[in-house]
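To start, the structure itself, in structure tokens.
The values are calculated or read from the model by the stated rules, or taken from the named source; none is laboratory data. Quantities reported herein were computed from a predicted structural model and do not represent experimental measurements. Cβ atoms come from the backbone with ideal geometry, glycine included; neighbour counts cover every protein chain shown. All accessible areas refer to the heavy atoms of the entire protein, side chains included, with ligands and DNA or RNA removed. Shrake-Rupley method; radii C 1.70, N 1.55, O 1.52, S 1.80 Å.
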Amino acid sequence: MSTTKKIFGFMLVMITTFTVLLSCCSATVYKVGDSDGWTAKDDTYYNWAKGKEFHVGDSLVFEYDRNVNDVTQVSGALELEFCDSSSPKAVYNTGNDVVTLKEPGYHHFISSNQSQCTLGQRLDVLVVHDPSRPIPPPLPRKILPLGQIYKVVDSEGWKVYDSEWSEAKQFHVGDNLLFKYDNEVNDILEISGDLEFKSCDPTSPVAVYKTGHDLVTLTEPGVHYFISSKTGHCEAGLKLRVVVSVSKLSPIDRLVRWLRIFRLHHH
Ligand SMILES: *[C@@H]1O[C@H](CO)[C@@H](O)[C@H](O)[C@H]1NC(C)=O
């Protein structure tokens, strides 16, 4: 490595450090609905969001009863208006979700429980990008090394689990799984452990995907488990286990990852 390259690398590290540290402390965390939390109340969220200014990097905390609700992020005002959760951008359902606003523009959230949404459990927030604020760190996805995209399971799509398919492959952090399936009869849950995987237990998923065309980035090393939540499907073999190893990260990638963790712990 030439001296110029070294100096350039060092400067890049310093700029990244500075940017990440600055944006760490200016982000605001909002509890949606304040003490009411995320529930069905007429016009609550319209009034709640009024007068607030949301910035890129701010977070929304949704607290709710996960037995009757979830947080479904939908793509537009129309879906919000008609409580249409059929093609969500993201679904959160732990009952206590932190959603970071990563892009400027409108963000729409509803409950996928139609009656709750109709009663007023819907929120849209306008996220502004203020040029006087430091630019927030890039999305985690972007700082991950550009990985491979694996189609699950090759030409068959997400239909029947084939343990040889995943065992024959070496997955690295940053790689992606592309799931294609009929979203009227299937979905994908990422679940947390071997026990849930063996017993096809869908009750506490880490993530839910249901667009029928989902690109899942493997952001953490370790074992990842995916099942279908539809009755009988997982039992019939619709499940996938992949082992992800730490990848060949460059020193800058590693620093940025470390800063990200640091930032999470100091919020
Ligand atoms: C939707 O919410 C209502 C309460 O308003 C609840 O009784 C019902 O069980 C919920 N439905 C689902 C599918 O969770």
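Across the range 131-162, what is the number of residues that are over 22 Å from the mean Cα position of the chain (by Cα) and modelled with pLDDT under 70? Number satisfying all stated conditions: 9. In the range 181-201, what residues are free of Cβ contacts under 8 Å to residues at least 40 places away in the same chain and surrounded by 18 or more Cβ atoms within 10 Å (Cβ to Cβ)? Scanning the range 181-201 gives TYR181, ILE191, GLU196, CYS200.
With the structure loaded, tell me whether LYS41 is in a loop (DSSP other than H, G, I, E, B), open to solvent by 80 Å² or more (accessible area, probe 1.4 Å) and within 16 Å of the ligand (Cβ to nearest atom) or whether it fails that test. Yes: the conditions hold for LYS41. Remark: pairs (first residue in the range 103-122, at pLDDT 95 or above; second residue open to solvent by 80 Å² or more (accessible area, probe 1.4 Å) and within 12 Å of the ligand (Cβ to nearest atom); Cβ separation under 6 Å; 6+ apart in sequence or on different chains) are absent. State yes or no: is ASN96 touching a Lys or Arg at 6+ places or on another chain (Cβ under 9 Å) and open to solvent by 20 Å² or more (accessible area, probe 1.4 Å)? It is true that ASN96 is touching a Lys or Arg at 6+ places or on another chain (Cβ under 9 Å) and open to solvent by 20 Å² or more (accessible area, probe 1.4 Å).
Would you point out the residue of the range 222-252, among those that are in contact with a strand residue (DSSP E or B) (Cβ under 9 Å, 6 or more places away or on another chain) and modelled with pLDDT under 85, that is least open to solvent (accessible area, probe 1.4 Å)? Don't jump to the end; show me each part of the working.
In the first step, residues of the range 222-252 are kept if they are in contact with a strand residue (DSSP E or B) (Cβ under 9 Å, 6 or more places away or on another chain); the result is 222-229, 233-234, 238-248.
Now restrict to residues that are modelled with pLDDT under 85: 246-248.
Values: VAL246: 100, SER247: 17, LYS248: 151 Å².
Here the answer is SER247.
Residues that are surrounded by 18 or more Cβ atoms within 10 Å (Cβ to Cβ), aromatic (Phe, Trp, Tyr) and touching a residue at least 60 places away in the same chain (Cβ under 8 Å): does the range 46-68 have at least one? Yes; the residues of the range 46-68 include at least one that is surrounded by 18 or more Cβ atoms within 10 Å (Cβ to Cβ), aromatic (Phe, Trp, Tyr) and touching a residue at least 60 places away in the same chain (Cβ under 8 Å).
When only residues in the range 109-119 that are open to solvent by less than 10 Å² (accessible area, probe 1.4 Å) and within 12 Å of the ligand (Cβ to nearest atom) count, which is farthest from PHE82 (Cα to Cα)? Walk me through how you get there before you give the answer.
In the first step, residues of the range 109-119 are kept if they are open to solvent by less than 10 Å² (accessible area, probe 1.4 Å); the result is 109-111, 117.
Pick out the ones that are also within 12 Å of the ligand (Cβ to nearest atom) and you get 111, 117.
On the way: SER111: 12, CYS117: 9 Å.
By that ranking, first place goes to SER111.
Give the residue that is nearest to SER112 (Cα to Cα), with candidates limited to residues of the range 46-97 that are among the aliphatic types (A, V, I, L, M) and within 16 Å of the ligand (Cβ to nearest atom).
Looking only at the range 46-97, we keep the residues that are among the aliphatic types (A, V, I, L, M), and these are 49, 56, 60-61, 68, 71, 74, 77-78, 80, 90-91.
This time we only want the ones that are within 16 Å of the ligand (Cβ to nearest atom), so: 68, 71, 91.
Working: VAL68: 9, VAL71: 7, VAL91: 9 Å.
So the residue we want is VAL71.
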